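The next block holds one structure in the form of structure tokens; read it before the comments.
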Amino acid sequence: GAVVSQHPSWVICKSGTSVKIECRSLDFQATTMFWYRQFPKQSLMLMATSNEGSKATYEQGVEKDKFLINHASLTLSTLTVTSAHPEDSSFYICSARGGDYRYQYFGPGTRLTVL
Amino acid sequence: AQSVSQHNHHVILSEAASLELGCNYSYGGTVNLFWYVQYPGQHLQLLLKYFSGDPLVKGIKGFEAEFIKSKFSFNLRKPSVQWSDTAEYFCAVYRGSTLGRLYFGRGTQLTVWP
């Protein structure tokens with residue numbers, strides 16, 4: 001149980017376009033979802049926390065107008081990278097939290113490459 | 001500043017060698033501690049966790065970790081590593097109640113030579 005999926009697993013886009021990444025909890029209801037960014041050989045950097053039906057809470061330094069997060073249901077959260085630039089190229093990982101607030105279940109990640 | 005420190009950035013071992021990866025955190029109060037593993041091309045998986053009770057916890061694949069409160073440490077150990085243990089290992093601390101979050105260390109890349 002406790003499976004989290006992400007779609008797409010990788011995406012290549014042109015600079016200036018927008019990209020949407022989906023995160024789904026497949027077998028549980030996720031009251032909270034988290035979005036992380038991971039640079040090569042580095043740790044996970046929390047970008048934002050989203051609670052179902054509420055506005056996302058962004059970490060300091062993360063542009064909320066650039067990284068739009070929507071958590072419209074208990075099983076789906078989306079991250080939209082707007083007007084993507086090459087510096088936005090990274091590995092984006094989501095995680096979901098269900099009944100026990102101490103546990104997070106991680107998705108497989110989405111590799112974004114902006115040309 | 002609140003932090004989780006992993007002292008070893010890259011560890012290289014031969015098969016059957018013993019492993020210990022250090023993790024220290026700087027938070028006071030109640031914490032929940034985790035070790036996650038990320039195999040090449042795969043998502044983060046939970047290796048083991050400590051919430052309370054016996055400070056020596058056992059996880060999957062023969063890993064264990066010891067919580068030493070006085071040292072603010074949660075070191076990961078394995079008596080005999082295998083080539084398949086090659087991966088990135090992350091220590092994480094959950095702080096807070098229902099609105100809390102995970103704080104990750106920078107990660108340790110373990111390479112095991114056959």
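No lab work stands behind these numbers, since they all come straight from the coordinates. Keep in mind the model is a prediction, meaning the values are calculated, not measured. In this analysis, Cβ positions are derived from the backbone assuming ideal geometry, glycine residues included, and neighbour counts consider all displayed protein chains.
Numbers at a glance
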quantity	calculated
Rg over Rh [alpha-carbon atoms, Kirkwood Rh] for the protein assembly as shown	0.97
Those lysines that a straight Cα-Cα span of less than 25 Å connects to B:LYS71, excepting residues fewer than 8 apart in one chain	B:LYS49, B:LYS58
Amide proton proximity set for B:SER5, modelled H, under 5 Å, gap of 5+	B:ASN24, B:TYR25
Diffusion coefficient, µm² s⁻¹, Stokes-Einstein with Kirkwood Rh over alpha-carbon pairs of chain B at 4 °C and 1.567 mPa s	91
Mean shadow area of region A:1-49 over all directions, Cα convex hull, nm²	4.7
Nearest-0.05 FRET efficiency for A:GLN42 and A:THR82, computed from C-beta distance (R0 22 Å)	0.40
Cysteines, the protein assembly as shown, no other Cys beta-carbon under 4.7 Å	A:CYS13
A:GLN60 versus B:SER70: modelled label distance in nm, points set 7 Å from Cα along the beta carbon direction	3.4
Residue mean of other protein chain beta carbons inside 10 Å, B:46-52	1
Residue mean of other protein chain beta carbons inside 10 Å, B:103-110	3
Sorted by Cβ neighbour density within 10 Å, fewest at the top, the residues A:TYR58, A:TYR105	A:TYR58, A:TYR105
Label-point separation, A:ILE12 to B:TYR39 (7 Å along Cα→Cβ), nm	2.8
Neighbourhood charge, 15 Å Cβ-Cβ cut-off, centred on A:THR110 and excluding it, Lys, Arg +1 and Asp, Glu -1	+2
Using a Förster distance of 22 Å, the FRET efficiency for B:HIS7-B:ILE60 (Cβ separation, nearest 0.05)	0.40
Shielding by other protein chains, A:97-106, mean Cβ within 10 Å	5
Relative contact order (percent, whole number), chain A, Cα cutoff 8 Å, 6+ residue spacing	37
Residues listed by number, region A:66-99, amide nitrogen under 12 Å from A:LYS20 label point at 7 Å toward C-beta	A:69-72, A:77-81
Computed label-point distance, nm, for sites A:ALA72 and B:SER84 using a 7 Å Cα→Cβ extension	4.2
Highest to lowest packing among B:37-47, A:32-42, scored as the average C-beta count within 10 Å	A:32-42, B:37-47
Kirkwood hydrodynamic radius of chain A, from inverse mean 1/r over distinct Cα pairs, in Å	13.9
